[in-house]
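The values are calculated or read from the model by the stated rules, or taken from the named source; none is laboratory data. Note that the structure is a prediction, hence the values are computed from the model and not measured. Positions of Cβ are backbone-derived with ideal geometry, glycine not excepted, and every protein chain shown enters the neighbour counts. Please note that ligands, DNA and RNA were not included when accessible areas were found on the heavy atoms of the full protein model with its side chains. Shrake-Rupley method; radii C 1.70, N 1.55, O 1.52, S 1.80 Å.
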Amino acid sequence: MKRYLILLLLTVASLKLQAQDLKLDVFGNLNYESKEQRYEASLKKDVFDNLIFTDNNKNELTFAKKYLDLNYKYLQTDEEARVDFFRQVINRFISDRGYKAKFDVDILDNIIIEDNRNGKVEIGTDIFGNTTYEEKRSGVKASVKRDLSGNLEFRAGKAQAQLKKSVFNKWSYSDNSGTKLEFSPEAWNKMLRMYESDENVFLFLVNTFLI
């Protein structure tokens, strides 16, 4: 099965970027060059305050100002945070080639991510204020939503998964591939510290065990 929801997770990979390979030019743009890997990348601000990531693998990512204001507002003023963001994007896309995507926000404050591989991600909220995720790729729809009990549900074609909290405050994950996991409070708290929210934990589990 194809990997869904991949655009939602700009996770930190194991690649180590050397500090001397990163440079800040007079315009405040970031540039990276690795002679060993023959890889070059840049993160530049355009006249509309969008951030544009490009590299010599012909990848191009546009982070619209509205998207940055909603999710990464500190990038405008915090140089160190902008460097960390640049590193994460490099780590995620250094092995890719010819990928183009735009990260934007519509008039309803839904996050919209569209790419040149027939993929689209929409992140919004339901009537109860819970975050919703929907992705369409090659005609197949994948989604993550909460049910009325607050449990997280994933669906993509015939694939299904669920993350539930029991009356004894124990979290459990299950999917229709046969995977069943139950977390002790200690293990669950460790997962939360690592991934920061139950939604991110769920996406990690889905990508690990189902997709």
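In whole Å, what is the distance between the alpha-carbon centres of region 37-54 and region 129-143?
Their Cα centres are 28 Å away from one another.
Extension gain Tyr72-Ile52, at 0.36 nm per residue separation less the Cα-Cα distance, in nm? List each step's numbers first, then the result.
Numbers: separation 20, 0.36 × 20 = 7.20 nm, distance 1.41 nm.
That works out to 5.8 nm of additional length.
I need the GluC sites (Glu not before Pro) found in region 17-103, filtered to DSSP loop residues with at most 10 other beta carbons within 10 Å of theirs. Let's see the in-between values first.
On the way: sites: Glu33, Glu36, Glu40, Glu60, Glu79, Glu80; in loops: Glu36.
Listed in order of number, the matching sites are Glu36.
Residue farthest toward the positive end of the dipole of the chain, with Cβ of Lys/Arg at +1 and Asp/Glu at -1: which of Ile52, Ser177, Thr125?
After comparing all options, I get Ser177.
With the cut-off at 1.5 for a/c, could you classify region 37-124 from its C-alpha gyration tensor as rounded, prolate or oblate? Mind dumping the intermediate values first?
Values: a/c = 2.02, a/b = 1.19, b/c = 1.70.
Since a/c reaches 1.5 but b/c is at least a/b, the shape of region 37-124 is classed as oblate.
Could you tell me how many degrees, from 0 to 90 and to the nearest 10, lie between the Cα long axis of helix 185-195 and the main elongation axis, the longest principal axis, of the Cα atoms of the chain?
Compared with the principal axis, the helix lies near 30 degrees.
Under a 1.4 Å probe, what is the accessible area of region 22-104 per residue, stated in Å²? Can you show the working numbers first?
Numbers: 4800 Å² over 83 residues.
Per-residue accessible area for region 22-104 comes out at 58 Å².
Assigning unit charges at the beta carbon (Lys, Arg +1; Asp, Glu -1) and nothing else, what dipole magnitude in debye, to the nearest 20, does region 103-178 show about its Cα centre? Spell out each step's value before the answer.
Numbers: 12 positive and 12 negative charges, 103 e Å.
So the dipole magnitude of region 103-178 works out to roughly 500 debye.
Hey, got the dipole for the chain? About the Cα centre, +1 on K and R Cβ, -1 on D and E Cβ, debye to the nearest 20? Could you put the intermediate results ahead of the total?
Details: 33 positive and 32 negative charges, 154 e Å.
Magnitude of the dipole: close to 740 debye.
Would you please give the residues with an amide H less than 5 Å from that of Glu60, counting only those at least 5 places away or on a separate chain, with H modeled from the backbone geometry?
Sorted by chain and number, the residues that satisfy this are Tyr99, Lys100, Ala101.
What angle, in degrees between 0 and 90 and rounded to the nearest 10, separates the Cα long axis of helix 79-93 from the longest principal axis of the Cα atoms of the chain?
Roughly 70 degrees between the two axes.
Measuring with a 1.4 Å probe in the full set of protein chains, what accessible area per residue, in whole Å², belongs to region 118-210? Before the final figure, lay out the partial values.
On the way: 5480 Å² over 93 residues.
I get 59 Å² per residue for region 118-210.
Take the Cβ-Cβ distance between Gln160 and Lys23 as r, set R0 to 35 Å, and report the resulting FRET efficiency rounded to the nearest 0.05.
Numbers: r = 47 Å, r/R0 = 1.34.
That pair, Gln160 with Lys23, gives E of 0.15.
With a cap of 14 neighbouring Cβ atoms within 10 Å, and only residues DSSP puts in a loop, list the trypsin sites (Lys or Arg not before Pro) found in region 133-211.
Details: sites: Lys136, Arg137, Lys141, Lys145, Arg146, Arg155, Lys158, Lys164, Lys165, Lys170, Lys180, Lys190, Arg193; in loops: Lys158, Lys170.
Taking region 133-211 and a limit of 14 other Cβ atoms within 10 Å, the loop trypsin sites (Lys or Arg not before Pro) found are Lys158, Lys170.
Picking from Asn207, Met194, Asn91, whose Cα lies most toward the positive end of the charge dipole for region 70-211 (charges on Cβ: Lys, Arg +1; Asp, Glu -1)?
With unit charges placed on the Cβ atoms, the residue in question is Asn207.
What part of the accessible area of the chain, given as a whole %, is carbon or sulfur when the probe is 1.4 angstrom? Let's see the in-between values first.
On the way: 6160 of 12540 Å².
Reported share for carbon and sulfur atoms: 49 percent.
Collect residues whose amide H, placed 1.01 Å from N in the peptide plane, falls under 5 Å from the amide H of Tyr39; neighbours closer than 5 in sequence don't count.
Placed amide hydrogens put Ser34 under 5 Å from Tyr39.
Counting other Cβ atoms within 10 Å, which chymotrypsin sites (Phe, Trp or Tyr not before Pro) in region 122-207 have at most 13 and lie in a DSSP loop?
On the way: sites: Phe128, Tyr133, Phe154, Phe168, Trp171, Tyr173, Phe183, Trp188, Tyr195, Phe202, Phe204; in loops: Phe128, Phe168.
Taking region 122-207 and a limit of 13 other Cβ atoms within 10 Å, the loop chymotrypsin sites (Phe, Trp or Tyr not before Pro) found are Phe128, Phe168.
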